[in-house]
1. Taking region 95-122, which residues are surrounded by fewer than 14 Cβ atoms within 10 Å (Cβ to Cβ) and not in a loop (DSSP other than H, G, I, E, B)?
2. Of the residues in region 70-83, how many are of a type in the set (Gly, Ala, Ser) and either under 20 Å from Ala125 (Cβ atoms) or open to solvent by 60 Å² or more (accessible area, probe 1.4 Å) (or both)?
3. Against the condition in a strand (DSSP E or B), at pLDDT 90 or above, open to solvent by less than 70 Å² (accessible area, probe 1.4 Å) and out of contact with any Leu (no Cβ under 6 Å at 6 or more places or on another chain), how does Val86 come out, does it pass?
4. Any residue at all in region 8-15 that is at pLDDT 75 or above, open to solvent by 80 Å² or more (accessible area, probe 1.4 Å), within 21 Å of Ala118 (Cβ to Cβ) and not hydrophobic (A, V, I, L, M, F, W, C)?
Amino acid sequence: MHPAPPLRVSLGRGWGWPVFVGACVAAAAANAVGWCLLVGDFAAAWPVALLAGLSAGLLAARRSHGLQAAGDLAWDGAQWQWIGSVGQARAVIDLDRWLLLRFEPSAGRAQWLAASRAACVGPWAGLRAALYARRPADPLA
């Protein structure tokens, strides 16, 4: 099996990831309120709903705003490059049209990259193929 050929894609800031994060935190807030109502503590339901809603909104805004800057993600056949950092990337969530990637640079903190087919300039199928292709450094390669 051959490694994936080199490629470069430009990842923009799409609307899909902030909507996904917002839906997840809204579901968590609704779950907290539902739990209060289920156990019959109606007096606690409103404060829990208010607190959960506020924290969910703040978390969603913070996570979606600080997720990533737009930039180029490149694969050279052996390693990935993101905004001047060399490292490895892997798909954590793959929803076909949306990907949540974890980029682990050689030095520094790992970064989360949200990629969508609509906001990606470059070969989307090639990006997905390179993410799942066998790495040349793999012992089985």
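The values are calculated or read from the model by the stated rules, or taken from the named source; none is laboratory data. This one's a predicted model, so the numbers in the text were calculated from it and none came from an experiment. Because the Cβ atoms are built from the backbone with ideal geometry, glycine has one as well, and the counts that use them run over all protein chains shown. Each accessible area value is taken on the protein alone, full model and side chains, heavy atoms only, with ligands, DNA and RNA left out. Shrake-Rupley method; radii C 1.70, N 1.55, O 1.52, S 1.80 Å.
1. Residues of region 95-122 surrounded by fewer than 14 Cβ atoms within 10 Å (Cβ to Cβ): 95-97, 106-110, 118, 121.
Once the filter is applied, which keeps residues that are surrounded by fewer than 14 Cβ atoms within 10 Å (Cβ to Cβ) and not in a loop (DSSP other than H, G, I, E, B), region 95-122 yields only Val121.
2. Step one: list which residues in region 70-83 are of a type in the set (Gly, Ala, Ser), which gives 70-71, 74, 77-78.
Checking the rest, the ones that are also either under 20 Å from Ala125 (Cβ atoms) or open to solvent by 60 Å² or more (accessible area, probe 1.4 Å) (or both) come to 70, 74, 77.
Final tally of qualifying residues: 3.
3. Values: in a strand (DSSP E or B): yes; at pLDDT 90 or above: yes; open to solvent by less than 70 Å² (accessible area, probe 1.4 Å): yes; out of contact with any Leu (no Cβ under 6 Å at 6 or more places or on another chain): yes.
The answer is yes for Val86.
4. yes
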